[in-house]
Amino acid sequence: MTQSQTVTKIAIFQKKEIRKILHKDEWWFSAIDVIEALSGTDRPRKYWSDLKKKLVSEGYTEVSEKIGQLKMSAPDGKLRETDCANTETMFRIIQTIKTRTKKWQEDFNERKLSLQATRQKEIAPIAYVVTF
């Protein structure tokens, strides 16, 4: 994957930092950070490794194609390659994570529906034009 990143930011979710980076004009999120924030595991890298295997065994074979290694700042301040996913792929990953609270799962589902509605509004005018 080419490294055409321009902006790196930190998002905070449930008092956990989630690194994100603007790559090819869309936000990509650190898989390890998201897993740590949602699952509460003290071994997020192991959880992520097991989860990737599970996704592939369930037929989501594109997981390796849709995950990119992007350089992000590590806790020691150095830039290190980290497994990242764009918003769409991260939604798929999040659905498989055993979350700590049912409330968070409900909030996530609401956000996902809101995002889908927004995308539908963006796509609808294009579909209308194409049908003519």
Taking 0.36 nm per residue of separation between L113 and K24 and subtracting their Cα-Cα distance, the length gained on full extension comes to 29.6 nm
Residues whose built amide H sits under 5 Å from the amide H of I18, excluding neighbours closer than 5 in sequence, are A11, I12, F13
If you rank Y47, Y60 by fewest surrounding Cβ atoms within 10 Å, what's the result? Y60, Y47
Contour excess over end-to-end distance, with Cα ends at Q95 and D76 and 0.36 nm allotted per residue: 3.8 nm
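Per-residue counts of other Cβ atoms within 10 Å, averaged by peptide: what ranking do you get for 66-79, 27-40, highest first? Numbers along the way, then the final one.
Numbers: 66-79: 14.1, 27-40: 21.6.
Averaged packing, sorted descending, gives the order 27-40, 66-79.
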The range 24-29 - phi-based ³J(HN,Hα) in whole Hz, Karplus 6.51/-1.76/1.60, Gly and Pro as x: 6, 6, 9, 7, 10, 10
What residues have an amide H closer than 5 Å to that of H23, excluding those fewer than 5 places away on the same chain, when H is modeled at 1.01 Å from N in the peptide plane? W28
Which ordering of D50, D83 is given by a fewest-first count of other beta-carbon atoms within 10 Å? D50, D83
Go through the range 71-83 residue by residue and turn each phi into a ³J(HN,Hα) via Karplus (6.51, -1.76, 1.60, θ = phi - 60°); whole Hz please, and just put x for glycine and proline. 7, 9, 5, 8, x, 7, x, 7, 7, 10, 5, 10, 5
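Bear in mind that the values in this text are calculations on the coordinates, not laboratory data. Predicted model only: the values in this text are computed from it and were never measured. Neighbour counts run over all protein chains shown; Cβ positions are idealised from the backbone, glycine included.
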